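The values are calculated or read from the model by the stated rules, or taken from the named source; none is laboratory data. Just so we're clear, the structure is a prediction, and the values are computed from it rather than from any experiment. Every residue, glycine among them, receives a Cβ derived from its backbone with ideal geometry; neighbour counts consider all protein chains shown. To get the accessible areas, we keep the full protein, side chains included, count just its heavy atoms, and leave off ligands, DNA and RNA. Shrake-Rupley method; radii C 1.70, N 1.55, O 1.52, S 1.80 Å.
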Amino acid sequence: MSSKLAITVQPTSVEAASRYPELAERVARQADELPELYGDFDFAVTPERFTTDPDVKSALPTRLGDRSRYLNDPRLMELIHTSTFLADVPADRVAALAARYPVAELVSLVRRVCREGAENVPEAPPEIAELIAVMQEKPDWINFDLVEDGATYSRLYAALVSPFMTRGAFLATFTNSYAALPMTITGALSGTRAAHRVNETTAYFAVTALPGGLERFSAGFEATVMVRLMHSMVRFNALQRTGRGHNSKKRTWDTRIYGLPVPQIDQFPAGMIGPYQKADKAVRANRELPYDERAMVEFHRYRGFLLGLPEELLPGSPREIVDLFNARAATLRHGYDDECRKLVTSTMDAYLCPSGSTFDRAADAVEKSYSKLAFAAAFCEGNLKKAAHMGVDLSVNDFARAAVTAPLLTGRFAAVRIAGKVPVLQNVADQYITALVKRRLDDYGIPAYTTDSREYAH
């Protein structure tokens, strides 16, 4: 990977950022709000990962056409450039406590505050209560009348679709060496941890889609706090590795190349992949989203807010969602190295089922085949040789498994979807889906949402 730096093409200063002054000011305040983490970070240097050079290959798939429509949009370019420097100070403050608390003790205190309330855990540092207070705010740009209906719609996918898609979607981060490095240096997806991470991710999206899953004392709210903290822990510990010499046994985080670890612009695709898929279809068909899909978008926007994303990175209209999603890819420099391939391979090889029974082994094989096909379609444009080069080998058996099981899976989804639209069957259908999601959660296990502290400098 080249160490040549990209030219700074967009401002980050408050004075220069005319289109997103509040976001730029939020970035500028980070050094003052958390000097121990960002005091030495140079927010004036555009990292190599961000590029608007039309001659440089980006992460935008070739099937989406010319990058110029995005590169020539100054509003989008400023938003993405500014968000490339955006961290999560409220959660970062909690993560920084790892310098004074053992990680296990810190996680325990966070969980207790989530479950009991800060007033009942006086020994907990105030930073934890401050994070939760921020999350309890109700932004006026969210239509809360739609959120529960959006959760109901998302619950259907969590029960019947996500178990066959999450591994494939999870791999999206690892197809770019600039975005994947945090997972590499923390060892969060090496060896047997890969299965744990995939199941954690699937469990998170499932538990937050349960009825009332984003309410203050719900399991979904606690899981959201823990996911947010996990991202900050990765960011905190990556920044502890800046400036190390080449003789260090641990990989160095070079801010000139990679910029801010786990920036908020990298959280947007994972949190809005569902809305993006619906929005892309709507844009292509030149139509608006129907009610249930609009509600689903609003549910995802609120969950994104709870995860720390600002309004600017949680657009609500189909065109804005598609443009932001594609523009990010158009400015992310292409990179795929051996470390990415190892992450993809370890994740694809992971065994996700709870037991080694004949049924679970068969279910794992079917899910894995769907994930391979999804990977080849999404990241290789159907090119099987390219998929194999990236670490995903597809066989005749993979196509056969998908062909045999597709009628059953799509038929079940359609039947439940139709039942959910019939007034006399709506409650029965949702009860079935909710029970199925809860069974899935039992299979996934209790999410820990922590990275491995043995890999950290502190």
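What FRET efficiency would be calculated for the residue pair Val404, Glu105, taking the C-beta separation as r and a Förster radius of 35 Å, to the nearest 0.05?
0.10
If we sort 336-346, 401-411, 297-307, 426-436 on the protection proxy, mean other Cβ atoms within 10 Å, highest first, what's the order?
The densest-packed peptide leads the list: 297-307, 336-346, 426-436, 401-411.
Anything in the chain that counts as a DSSP H helix reaching 24 Å or more along its axis (C-alpha) with Kyte-Doolittle mean of at least -0.5? List them, would you?
Taking the DSSP H segments of the chain (at least 24 Å long, mean hydropathy at least -0.5), we get 144-160, 219-239, 264-285, 358-379, 396-419.
I'd like to check one number: the per residue accessible area of the chain, probe 1.4 Å, reported in Å² as a whole number.
Value for the chain: 45 Å² per residue.
Can you give the extra length, in nm with one decimal, that the chain gains between Ala270 and Glu137 once fully stretched, where that is 0.36 nm per residue apart less the Cα-Cα distance?
Additional length available on full extension: 45.6 nm.
Taking 0.36 nm per residue of separation and subtracting the Cα-Cα distance, what length does fully extending Ala419 through Arg284 add?
45.8 nm
Stokes-Einstein D for segment 359-438 at 4 °C, 1.567 mPa s, Kirkwood Rh over Cα pairs, in µm²/s?
Roughly 89 µm²/s, to the nearest whole number.
Can you give me the orientation-averaged projected area of the convex hull built on the Cα atoms of the chain, in nm²?
In nm², the orientation-averaged hull projection of the chain is 22.1.
For Thr358 paired with Asp73, estimate the spin-label separation in nm (one decimal), with each label point 7 Å from Cα along the Cα-to-Cβ line.
Computed distance between label sites Thr358 and Asp73 equals 5.4 nm.
Using a 1.4 Å probe over the heavy atoms of the protein chains, calculate the carbon and sulfur portion of the accessible area of the chain as a whole percent.
Summing carbon and sulfur atoms, their accessible area is 55 percent of the total for the chain.
Counting only Cα atoms, I'd like the Rg/Rh figure for segment 25-169, Kirkwood definition for Rh.
Computed over Cα atoms, the ratio is 1.05.
Under 11 Å from the Cβ of Tyr20, count the other residues' Cβ atoms, weight Lys and Arg +1, Asp and Glu -1, and hand me the total.
Its environment carries a net charge of -2.
Would you kindly state how much longer the chain becomes between His389 and Thr345 on full extension, computed as 0.36 nm times their sequence separation minus their alpha carbon distance, in nm to one decimal?
Net length gain for the segment: 14.8 nm.
Between segment 280-329 and segment 336-368, what is the C-alpha centre distance in whole Å?
Spelled out, the Cα-based centre of one part sits 30 Å from the other.
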